[in-house]
Each structure stands twice: as structure tokens, then as C-alpha cells.
Amino acid sequence: MKKSRYLFPQDYMADPSAHVFQGKIYIYPSHDWESGVPENDNGDHFNMKDYHVFSLSDIDGEITDHGVVLKVEDIPWAGRQLWDNDVACKNGKYYLYFSMKDKTDIFRLGVAVSETPYGPFVPQENPIKGSYSIDPCVFEDNGEYYIYFGGIWGGQLQRYRNNKALESAAFPGDNEPALSAKVARLSNNMLEFAEEPRELLILDKHGKPLTQGNTEHRFFEASWMHKYNGKYYFSYSTGDTHNLCYAIGDNPYGPFTFQGVILTPVVGWTTHHSIVEYKGKWYLFHHDCVPSDGKTWLRSMKVVELEYNADGTIKMIEGIEK
Ligand code: FUB
């Protein structure tokens, strides 16, 4: 396996969502910076204020920084903290889905639209109706588009059940089914949920839902979906245990059966990724905090080749290379 490489050593970028558009890889990261906000369990120190777009036409080649494509101050409903984003293309238009706190400090999902994959992106007046929590990922399958989202702790998912806000945040007991990501089909115009978000079920090998106490494997944040040999691979971060894990299903809604770890913990608290095929090879885009000497809020994006075993399982990658 080839070593990973840092993609943009000039600045701190995290949560890279990579897609192939118009024959190139486009990367949509979060843009970390030193805002001075103290570190806490809510993730207030991840106080990002804009997004850049990057592209590559050769995986080992030079990266192009397309500059700032969306800023907090341009978003009418903005409070603070532009967290992870993702982009989908439909009928020649590009839709950027992002997570941000509104003016009442509640995370919502927003959409911004562009004529090109490299922006600038024009935000909608309001967040997606009925949206909550963080980390949107959009996946196209047979002409339908599905949005995956959610994140616990600072991502606020524990404040909801069945898409309704609770009186107060609550986690399931350790032996109860874990809180998990949500999935919804998008409307034809890509700007709304076409249906109530559904629970994304991750089952163990015996068909039982992963439990909240199974912290090494249960969902925390950072949803990603890709398809390989006709199967649907849902991957995610386990947050406080710092693994990237995956589960396989037969359709975009699941259920998904847990398979294992894709990436062992990296230097830094968060781990977040995307998986994409380019010119016949598969790649894992992710981040770590090696260049900032472990500052969790100053992350650097990387890429490494991802390989499959003959049975479709993914070969585990070491987060800290020897
Ligand atoms: O970048 C801010 C947050 O950190 C993301 O939304 C999470 O997935 C974690 O990577």
C-alpha cells in the first residue's frame, strides 16, 4: 500500500468530501483556523467561517485551490460554525450541503447552489425544512439522491428522536440500540427532504442493532456512502474511540451489516473521510493533526489508496503510519 500524502500543506482543511466531476476530483473540506475559542465537548473550538474548493486531475499531481466559495456572512440564517459539507451534481447544477448552527445555536443543514463544481455557491434563504444535526453526505443512485446526516455530542443528534426535538438531550442506555445516522431521499429540486428522514440501522453479524455501549463500533458522526460491486457501503466515525468503520447493505436505506475498521485512529480527536474511485483505483480522503502538532482544531487533509479484499471487505489502513 502506498503512503498517504498531505494534499494542501499551506493551510488547515478537514472533513474532505471528494467527488469526480467533469473528469477531475473535486474536494470539499471544512476550513479550520485558529479562532481562539477554547476547546470543549461541544466542539465550539471548531469555529469555521468559510469553505474552499480544491481539485486534482492526477491523484499524485498538484492541487488547485479554487478559493473561498461560501462564507458564514453570506448565509441569511447563519449563526456560527460551518462544519462538514458535501456536493452533488444534478442536471449540470452543483448543490453544496452544509452543517451550521442557526441564530439560536441549533445545528441545521443548508444548501447552496452553483453552475460549476468550483463555485461560488449561492445559499438558500433558509435551512432545509425539518433538518437538524450535522455532517451531510449526498449519494446518487439510479437517478435518485439520498442525504445522510447526523452526529452525536457537539453534533446534537441526542436532542432528537423520530425527527422531533426532545425536551432535553438523552442518550440510549449502553445495551440499547445506538443512535444512528439518518437518511432521506431529496426532492426533485434538490432543496428539500422528499420524505421524513429514516433511521439508518447498523446491525452486527447476528442481525442485532449495534448498541450505544459499543463505542468502538457504533455511529458517532461523519457519514459517507459509496457503492462497490453492487453493494452499498456506509462508513462513519466512531468519534470518541476515533475509528473509521463501515457496514454493507443491499440498498441506500439499509439495513447495513457492520464489517470492521477502515482507518485506525489518527493523530487528533476527530477522524472524517470520503471514499471515491478515480481512474480505476479507490481512494480514502481524510485528515489528521500531525502538521499542527496534535491541535485537534487544526487539521490537514490527506489521501491514501484504499484496497478491497476479494470478498468485498476493505483492507484496514493504519491511521498512524510506521
Ligand atoms: O469539522 C467539524 C466537525 O468535526 C465535523 O462536522 C465532524 O465530523 C468532525 O470532523
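The values are calculated or read from the model by the stated rules, or taken from the named source; none is laboratory data. Small disclaimer: the values here were computed from a predicted structure and weren't measured. Neighbour counts are summed over all protein chains in view; Cβ atoms, including those assigned to glycine, are modelled from backbone coordinates with ideal geometry. The protein model used for the area step is the full one, side chains on, heavy atoms only, and it has no ligands, DNA or RNA in it. Shrake-Rupley method; radii C 1.70, N 1.55, O 1.52, S 1.80 Å.
Going by the structure shown, is GLY254 on the phi > 0 side of the Ramachandran plot and either within 15 Å of the chain's Cα centre (by Cα) or without any contact (Cβ under 8 Å) to a residue 60 or more places away in the chain (or both)?
It is false that GLY254 is on the phi > 0 side of the Ramachandran plot and either within 15 Å of the chain's Cα centre (by Cα) or without any contact (Cβ under 8 Å) to a residue 60 or more places away in the chain (or both).
More than 16 Å from the ligand (Cβ to nearest atom), touching a residue at least 40 places away in the same chain (Cβ under 8 Å) and in a strand (DSSP E or B) - does that describe any residue in the range 69-77?
For the range 69-77, residues more than 16 Å from the ligand (Cβ to nearest atom), touching a residue at least 40 places away in the same chain (Cβ under 8 Å) and in a strand (DSSP E or B): present.
Has the range 95-106 got at least one residue that is in a strand (DSSP E or B), within 26 Å of TYR228 (Cβ to Cβ) and either open to solvent by 10 Å² or more (accessible area, probe 1.4 Å) or among the charged types (D, E, K, R) (or both)?
yes
Got a number for residues in the range 288-318 being under 14 Å from THR271 (Cβ atoms), open to solvent by 60 Å² or more (accessible area, probe 1.4 Å) and not charged (D, E, K, R)?
Looking only at that region, the number is 2.
State yes or no: is GLU321 modelled with pLDDT under 95, open to solvent by 10 Å² or more (accessible area, probe 1.4 Å) and touching a Lys or Arg at 6+ places or on another chain (Cβ under 8 Å)? Spell out the reasoning first.
On the way: modelled with pLDDT under 95: yes; open to solvent by 10 Å² or more (accessible area, probe 1.4 Å): yes; touching a Lys or Arg at 6+ places or on another chain (Cβ under 8 Å): yes.
Here the answer is yes, as GLU321 does meet what is asked.
If only one of TYR132, TYR51 is within 16 Å of the ligand (Cβ to nearest atom), open to solvent by less than 60 Å² (accessible area, probe 1.4 Å), outside any helix (DSSP H, G or I) and more than 19 Å from LEU186 (Cα to Cα), which one is it? So that I can check it myself, show each step before the final result.
Numbers: TYR132 fails: more than 19 Å from LEU186 (Cα to Cα).
Just a single option satisfies the conditions, and that option is TYR51.
Could you grab me the full set of residues in the range 36-48 that are on the phi < 0 side of the Ramachandran plot and surrounded by 15 or more Cβ atoms within 10 Å (Cβ to Cβ)?
Within the range 36-48, the subset on the phi < 0 side of the Ramachandran plot is 37-42, 44-48.
The answer is ASP44, HIS45, PHE46, ASN47, MET48.
What are the residues in the range 257-281 that are part of a loop (DSSP other than H, G, I, E, B), within 18 Å of the chain's Cα centre (by Cα) and over 21 Å from VAL20 (Cβ atoms), if any? Break it down into steps so the answer makes sense when it comes.
Here is the first cut: in the range 257-281, the ones part of a loop (DSSP other than H, G, I, E, B) are 264-273, 279-280.
Among the residues that remain, those that are also within 18 Å of the chain's Cα centre (by Cα) are: 264-266, 268-273.
THR264, PRO265, VAL266, GLY268, TRP269, THR270, THR271, listed by residue number.
Would you check which residues across the range 220-250 are out of contact with any strand residue (DSSP E or B) (no Cβ under 8 Å at 6 or more places or on another chain) and either within 16 Å of the ligand (Cβ to nearest atom) or open to solvent by less than 10 Å² (accessible area, probe 1.4 Å) (or both) and list them?
ASP240, THR241, HIS242, listed by residue number.
Restricting to the range 78-94, name every residue that is surrounded by fewer than 22 Cβ atoms within 10 Å (Cβ to Cβ) and either part of a strand (DSSP E or B) or under 20 Å from the mean Cα position of the chain (by Cα) (or both). Explain how you work it out, then say what you get.
Restricting attention to the range 78-94, the residues satisfying the condition of being surrounded by fewer than 22 Cβ atoms within 10 Å (Cβ to Cβ) are 78-80, 89-93.
Within the range 78-94, ALA78, GLY79, ARG80, CYS89, LYS90, LYS93 qualify.
I'd like the full set of residues that are at negative phi and in a loop (DSSP other than H, G, I, E, B), limited to the range 10-35. Give the steps one after another, and end with the answer.
Start the filter on the range 10-35 by keeping residues that are at negative phi, which leaves 10-14, 16-21, 24-35.
GLN10, ASP11, TYR12, ASP32, TRP33, GLU34, SER35, listed by residue number.
Touching a residue at least 12 places away in the same chain (Cβ under 8 Å) and in contact with a helix residue (DSSP H, G or I) (Cβ under 8 Å, 6 or more places away or on another chain), is that true of GLY151? I'd like the intermediate steps shown before the answer.
Working: touching a residue at least 12 places away in the same chain (Cβ under 8 Å): yes; in contact with a helix residue (DSSP H, G or I) (Cβ under 8 Å, 6 or more places away or on another chain): yes.
Yes, satisfied.
Given the condition within 14 Å of the ligand (Cβ to nearest atom), out of contact with any Cys (no Cβ under 9 Å at 6 or more places or on another chain) and over 15 Å from PRO252 (Cα atoms), answer yes or no: does some residue in the range 157-164 qualify? If you could, list the steps in order and put the result at the bottom.
First, the residues of the range 157-164 that are within 14 Å of the ligand (Cβ to nearest atom): 157.
Keeping just the survivors that are out of contact with any Cys (no Cβ under 9 Å at 6 or more places or on another chain) gives 157.
Cutting the leftovers down to over 15 Å from PRO252 (Cα atoms) gives us 157.
Yes, the range 157-164 contains at least one residue that is within 14 Å of the ligand (Cβ to nearest atom), out of contact with any Cys (no Cβ under 9 Å at 6 or more places or on another chain) and over 15 Å from PRO252 (Cα atoms).
Going by what's in this entry, would TYR253 be described as more than 16 Å from the ligand (Cβ to nearest atom), assigned to a loop (DSSP other than H, G, I, E, B) and out of contact with any Pro (no Cβ under 6 Å at 6 or more places or on another chain)? First the steps, then the outcome.
On the way: more than 16 Å from the ligand (Cβ to nearest atom): yes; assigned to a loop (DSSP other than H, G, I, E, B): yes; out of contact with any Pro (no Cβ under 6 Å at 6 or more places or on another chain): yes.
The answer is yes for TYR253.
Pairs under 8 Å by beta carbon, first residue in a loop (DSSP other than H, G, I, E, B) in the range 208-232, partner acidic (Asp, Glu) and open to solvent by 10 Å² or more (accessible area, probe 1.4 Å), six or more apart or different chains?
If the second residue must be acidic (Asp, Glu) and open to solvent by 10 Å² or more (accessible area, probe 1.4 Å), the pairs left are LEU210/ASP204; GLN212/ASP174; GLN212/GLU176; GLY213/ASP174; THR215/ASP240; PHE220/ASP240.
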